Amino acid sequence: MRFPLRAGLILLVAGLLGACASGPPKSREFVVLVPDHDGKVGAVVITSAQGNSTLDKPYRRRLDLAAILVARRPVGFVETAPVAQEEVRKTFASAIAAQPQRPISFLLYFLLDTDEYTPESTGAFEKIFAEIARRKVAEIAVIGHTDRVGAVEYNDALSLRRAERVRNDFADRGIPTHAINIAGRGEREPIVPTADEVSEPRNRRVEINVR
């Protein structure tokens, strides 16, 4: 069989993993379509001697049934059929477990002209750390920002200090520094656009992106 795919790279990989996985009796092959992090799916078209069959419904972990394609050999008959989740889990356990966790993002806010958290963000930091610590973290990006009060050069340095503060606080709690990338954007990327020299608390922030 050949597998023309009408899907993105993530779905192509998921389809090939499913096709290559070992599992049920050799008279059947499974192809499972896995949604991307946004829940979107494309489609897998399987071509056989009997014609084309399209899979465009994704496997969902919390459902009792998973939409799959089953190919029976040697005649190459292809059909779309729901199969019990337990059977899918046994067949594709390693492939499903290998899927990366969904990326997550957080914001922390800072007091004017400092690298000190606001009272609200002081409490939020511990919750953010707890969420990051329970994940298998591949990379953390920490990006500092400022409002437009002060010179551009000063704000560049202040935004980097804010990012460094967050990195150091993570490191103090056991997250390795090599997993944390930092940058300072100064006043260039405000959440709330303002005129120069306008104090805006929502722009005094650090963005934390975890992949």
### Cut-off 10 Å between beta-carbons: net charge of the residues surrounding residue 175, Lys and Arg +1, Asp and Glu -1
0
### Task
Could you order peptides 107-116, 168-177 by the average number of other Cβ atoms within 10 Å of their residues, highest first?
107-116, 168-177
### Query
How many nm is it between the label spots at residue 141 and residue 120, if each spot is 7 Å from the Cα in line with the beta carbon?
2.5 nm
### Message
I'd like the carbon and sulfur percentage of the solvent accessible area for segment 93-143, probe radius 1.4 Å, heavy atoms only, ligands and nucleic acids excluded.
### Response
59 percent
### Task
Pop the C-beta distance of residue 172 and residue 86 into the FRET formula with R0 = 45 Å and round what comes out to the nearest 0.05.
0.55
#### Entry: R0 of 45 Å, Cβ-Cβ distance residue 111-residue 54: FRET efficiency to nearest 0.05
0.20
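The values are calculated or read from the model by the stated rules, or taken from the named source; none is laboratory data. Because the structure is predicted, anything quoted here is derived from the model rather than measured. So basically every Cβ, Gly included, is an ideal-geometry build from the backbone, and we count neighbours across all protein chains shown. Note: accessible area is taken over every heavy atom of the protein model, side chains too, but ligands, DNA and RNA are not part of it. Shrake-Rupley method; radii C 1.70, N 1.55, O 1.52, S 1.80 Å.
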